[in-house]
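Below is one structure; the comments refer to it alone.
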Amino acid sequence: MNELEHQLSSKFPKARIISETIGNIIGLIVLAVLFWLDYYFDWPIWANWILIAVLLFVVVGTIWSFIEPHYLYRSWRYQISNDYLQLSYGVFTKEWVTVPMSKIQSVSTSQGPIMRGYQLRSIKVETMGSSHVIPALEEHVALELRARIAEFAKLKEVDE
Amino acid sequence: MMRYHPLTIIYRIYQLIKNSLILGILLFVVKRNSDFWLFEYGRYLFIAGVLLRLIYIVVSWFVETYEWDNHTFQLKKGLFIKQTSTIPISKIQNVTRHTTLFHKLFNLTSLTFETAMDGEDDSIAFEVVSKQHATFLLELANIEEEQLPKQENKQQEQAQHEAEVNDAEKKVETDHVIHFEPSHQDLLKASFTSLSFLAIIPIVMGLYDIIGPLLPDSDHYQGIFYQIIDSRWLIIMLSVVAVVIAIIIGIVRTFSRYGKYRISSSATHIYIERGLLDETQFAIEKQKIQGLEIEQTLLKRIFGLAEVKLISSASPQSEDHAVSVNSLYPFLPINRAYQLMEALLPDYYVEESMNRLTKSSLYMKLLKPSWFWIVVTAGLIYFQPTIFQMDAAWWLLSLLLLLIVIVNRILDYLHTKYSISDDQLQWWHGGLTSRMFITKRRRVIEMSYSQSMLQRIFQLASISTMNRSTPTRIETINDVPLDFAKTFHHWYLQRQKDAIYQQKKLEHN
């Protein structure tokens with residue numbers, strides 16, 4: 001399989017793991033409070049079962065969140081030409097997406113607090129019917145890419 | 001600045017009466033003695049609502065205006081908050097002309113222009129408009145009146161050859177060609193395939209509900225019922241009568257819905273005209289068509305019929321949902337359907353030789369876990385319901401469902417065919433109901449292909465395309481060879497060839 005040119009920033013797995021871990025810790029705290037409430041107020045038995053099921057999910061999810069970012073990083077590729085934006089990603093099911101530049105309606109970058117710490121930005125591209133996110137690029141790469149996509153996307157087709 | 005036709009007020013009042021009639025009867029006739037708070041207050045609310053609406057209808061007529069210039073329509077409305085919307089004429093995608101009995105009574109018609117714009121003000125509706133003004137508006141939107149099939153022709157049944165002469169003249173005068181008018185045979189076939197004779201079931205049920213309580217003595221009534229059941233002959237007779245009535249009703253329904261049907265086209269537009277009493281004429285610009293779909297249900301496949309649908313970016317706002325405006329004709333013989341497609345849209349052609357799936361796709365389809373079946377079976381195991389006093393019913397049901405799932409997948413394998421040519425893609429897929437999708441490369445606004453873990457083992461992939469429509473049209477074909485997915489991808493990367501061609505065309509204009 002001929003791969004696309006560019007990869008995400010190599011800091012992506014670290015940043016992703018940190019942000020996911022924070023989320024998971026908050027989730028676990030909420031769950032612990034719920035378990036305490038369950039114990040204290042003597043909730044019916046089915047509530048207990050639901051809580052245990054949720055706990056199971058969260059634990060598996062937490063373990064997975066330490067592994068997934070590495071695989072996701074390895075699977076992520078993108079490529080940009082005058083006419084097309086191409087993306088490929090996916091750990092289990094791999095997806096290859098091709099978007100003509102002329103169909104792109106908006107492009108934006110965004111940055112959360114953790115990504116700011118790592119100097120990363122994500123890029124969001126919106127078309128008439130879909131939106132795609134490139135999750136983490138080095139700041140200067142992201143800004144340059146945004147400018148290039150905006151430049152290429154100017155051309156409009158006579159198909160309205 | 002123009003106001004809408006004054007009869008719009010009457011038309012809206014008529015609509016108001018039509019829509020509130022059932023609720024009114026419920027509140028004031030059926031439940032007139034009920035003290036239940038819902039009905040008690042409902043009556044006041046109902047009267048208040050109707051009165052307010054009446055006032056609104058009259059006042060809004062004075063407020064709502066429209067004007068136009070060469071390029072745009074401007075609509076003004078709003079009692080308290082003034083609203084002005086501007087709609088460019090070039091954005092108009094299709095035109096529907098609907099002539100109901102009400103309109104016929106006053107020799108008027110209605111017009112709706114639909115656009116591909118988002119939001120609330122995406123269509124311009126003239127609920128009541130005189131025929132001359134309709135003609136004028138159509139001309140404004142670049143749709144010539146002669147192109148919309150003339151109404152005068154319909155008034156009387158003309159001698160066959162006379163009509164033909166007329167058609168021939170028309171062909172000479174404009175480039176307007178009639179492509180399809182259903183024959184009686186087509187309609188008979190249609191009335192059986194549409195299962196419209198089953199409409200008798202709700203009708204009978206409804207009758208039973210209405211008549212049942214009115215009968216003087218329900219014991220006596222049941223007595224008759226048992227007497228009927230006792231005598232076999234009577235049952236057979238009644239069944240025969242019921243079936244005959246059902247078939248007649250089905251045929252009448254089909255004839256009234258699809259009887260008067262005409263598909264025609266000019267160089268730039270496609271026209272669909274239908275309806276015996278409520279006449280609808282529909283025009284769509286060929287340029288705006290994003291793709292085509294042919295759909296065959298199991299029953300239609302047996303009869304060799306198919307439905308052709310146009311995929312366009314305008315949102316269809318059909319008043320009666322019985323017939324979708326995007327459908328050309330739901331009961332076309334399949335070969336006619338192909339011919340019609342090619343005749344209406346010369347850009348498109350139907351590829352006869354298409355690729356079929358290999359055996360590995362069949363294995364893939366059979367191996368893929370059916371989540372639907374798993375969830376239903378889990379539910380059945382948990383509840384273990386008894387149906388028809390059968391304890392074993394739950395696993396029989398599960399087995400039956402599994403069988404349907406497998407048959408559906410095998411049919412999907414058999415039905416799936418695909419091909420790409422210079423600038424066009426075409427594929428069939430689907431199990432019990434199969435669909436053909438056909439579109440031009442430049443109409444595809446995005447594509448993707450994907451590979452699940454299982455597909456990786458078999459070297460297969462799924463391809464998805466996206467077309468403009470509301471909502472966005474996503475078509476997927478599953479379990480094609482990976483090589484084809486890659487070929488498809490490369491083919492799509494050549495897309496700008498067609499697109500550039502389009503731009504050049506514009507420059508010439």
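The values are calculated or read from the model by the stated rules, or taken from the named source; none is laboratory data. What you see is a predicted model; the values in this text were computed from it and never measured. Note that each Cβ is placed from the backbone with ideal geometry, even for glycine, and that neighbours are counted across all protein chains shown.
Annotations
- The requirement of being more than 9 Å from every other protein chain (Cβ to nearest Cβ), part of a strand (DSSP E or B) and out of contact with any helix residue (DSSP H, G or I) (no Cβ under 7 Å at 6 or more places or on another chain) is satisfied by B:THR465.
- Check on A:TYR89, more than 14 Å from chain B (Cβ to nearest Cβ), of a type in the set (Phe, Trp, Tyr) and closer than 24 Å to A:ILE18 by Cβ: no
- If you check B:VAL244, B:VAL308, B:VAL323, B:VAL252 for being at pLDDT 80 or above and within 15 Å of the chain's Cα centre (by Cα), only one passes: B:VAL308.
- Only strands (runs of 3 or more DSSP E) whose full extent lies in segment B:68-111 are considered here, and the ones with at least 2 residues that are closer than 14 Å to B:ALA134 by Cα and in contact (Cβ under 8 Å) with a residue 60 or more places away in the chain are B:92-99.
One line per residue, one yes/no per condition, for (1) small (Gly, Ala, Ser); (2) within 14 Å of another protein chain (Cβ to nearest Cβ); (3) surrounded by fewer than 16 Cβ atoms within 10 Å (Cβ to Cβ); (4) on the phi < 0 side of the Ramachandran plot:
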residue: A:PHE41; (1), (2), (3), (4): no, no, yes, yes
residue: A:PRO44; (1), (2), (3), (4): no, no, yes, yes
residue: A:TYR71; (1), (2), (3), (4): no, yes, yes, yes
residue: A:GLN119; (1), (2), (3), (4): no, no, yes, no
residue: A:LEU137; (1), (2), (3), (4): no, no, no, yes
residue: A:LEU143; (1), (2), (3), (4): no, no, yes, yes
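- Residue in segment B:41-58 that is surrounded by fewer than 16 Cβ atoms within 10 Å (Cβ to Cβ), in a strand (DSSP E or B) and touching a residue at least 12 places away in the same chain (Cβ under 8 Å) present: no
- Selection within segment B:475-490: residues that are under 18 Å from A:THR127 (Cβ atoms) and more than 8 Å from chain A (Cβ to nearest Cβ). The member of this set that is surrounded by the most Cβ atoms within 10 Å (Cβ to Cβ) is B:GLU475.
- Of the residues screened, B:GLU144 is one that is at negative phi, in contact with a helix residue (DSSP H, G or I) (Cβ under 8 Å, 6 or more places away or on another chain), charged (D, E, K, R) and modelled with pLDDT of 50 or more.
- The set of residues from segment A:84-99 being assigned to a loop (DSSP other than H, G, I, E, B) and of a type outside the set (Ser, Thr, Tyr) comprises A:GLY90, A:VAL91, A:PHE92.
- Residues that are β-branched (Val, Ile, Thr) and modelled with pLDDT of 85 or more were ranked within segment B:1-36; the one that is surrounded by the most Cβ atoms within 10 Å (Cβ to Cβ) is B:THR8.
- Of all positions in segment B:437-444, at least one carries a residue that is at pLDDT 90 or above, in contact with a His (Cβ under 9 Å, 6 or more places away or on another chain) and either within 23 Å of B:GLU342 (Cβ to Cβ) or not polar (S, T, N, Q) (or both).
- Each residue in segment B:1-31 was checked for being within 19 Å of B:LYS131 (Cβ to Cβ) and either in contact with a Lys or Arg (Cβ under 6 Å, 6 or more places away or on another chain) or assigned to a loop (DSSP other than H, G, I, E, B) (or both), and 3 of them qualify.
Quick grid of which residues meet (1) among the hydrophobic types (A, V, I, L, M, F, W, C); (2) touching a Leu at 6+ places or on another chain (Cβ under 9 Å); (3) surrounded by 15 or more Cβ atoms within 10 Å (Cβ to Cβ):
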{"site": "A:PHE92", "(1), (2), (3)": "yes, no, no"}
{"site": "A:TRP96", "(1), (2), (3)": "yes, yes, yes"}
{"site": "A:LYS103", "(1), (2), (3)": "no, no, yes"}
{"site": "A:THR127", "(1), (2), (3)": "no, no, yes"}
{"site": "A:VAL133", "(1), (2), (3)": "yes, no, no"}
{"site": "A:ILE149", "(1), (2), (3)": "yes, yes, yes"}
{"site": "A:LYS154", "(1), (2), (3)": "no, no, no"}
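- Qualifying residue in segment B:357-364 (condition: of a type in the set (Phe, Trp, Tyr), within 23 Å of B:LEU454 (Cα to Cα) and touching a residue at least 12 places away in the same chain (Cβ under 8 Å)): yes
- For A:SER106, the criteria (1) among the small types (Gly, Ala, Ser); (2) more than 13 Å from chain B (Cβ to nearest Cβ); (3) in a helix (DSSP H, G or I); (4) within 27 Å of B:LYS440 (Cα to Cα) hold in every case but one, which is (3).
Residue-wise test of (1) within 28 Å of the chain's Cα centre (by Cα); (2) surrounded by 18 or more Cβ atoms within 10 Å (Cβ to Cβ).
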{"site": "B:ILE406", "(1), (2)": "no, no"}
{"site": "B:THR416", "(1), (2)": "yes, yes"}
{"site": "B:ILE420", "(1), (2)": "yes, yes"}
{"site": "B:THR433", "(1), (2)": "yes, no"}
{"site": "B:MET436", "(1), (2)": "yes, yes"}
{"site": "B:ILE445", "(1), (2)": "yes, yes"}
{"site": "B:SER450", "(1), (2)": "no, yes"}
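- Some residue of segment A:49-69 being within 14 Å of chain B (Cβ to nearest Cβ), modelled with pLDDT of 90 or more, more than 30 Å from B:SER469 (Cβ to Cβ) and surrounded by fewer than 19 Cβ atoms within 10 Å (Cβ to Cβ): no
- Test: B:ASP391 is surrounded by fewer than 12 Cβ atoms within 10 Å (Cβ to Cβ), under 30 Å from A:GLY129 (Cβ atoms) and of a type in the set (Asp, Glu): no
- Tally of residues being more than 19 Å from B:ILE272 (Cα to Cα) and either assigned by TED's automatic domain parsing to the domain that holds B:LEU16 or modelled with pLDDT of 85 or more (or both) across segment B:107-125: 2
- Residues in segment B:437-451 that are more than 8 Å from every other protein chain (Cβ to nearest Cβ) and part of a helix (DSSP H, G or I): 1 in all.
- Complete set of residues in segment A:28-80 that are acidic (Asp, Glu), part of a helix (DSSP H, G or I) and either over 27 Å from the mean Cα position of the chain (by Cα) or in the same structural domain as A:ARG148 (by TED's automatic domain parsing) (or both): A:ASP38
- Screening the candidates B:LEU454, B:LEU493, B:LEU403, B:LEU411 for the property of being without any contact (Cβ under 8 Å) to a residue 40 or more places away in the chain and either charged (D, E, K, R) or within 12 Å of chain A (Cβ to nearest Cβ) (or both) yields one hit, B:LEU493.
- Screening B:GLU139 against (1) assigned to a helix (DSSP H, G or I); (2) at pLDDT 85 or above; (3) not aliphatic (A, V, I, L, M) leaves a single unmet condition, (2).
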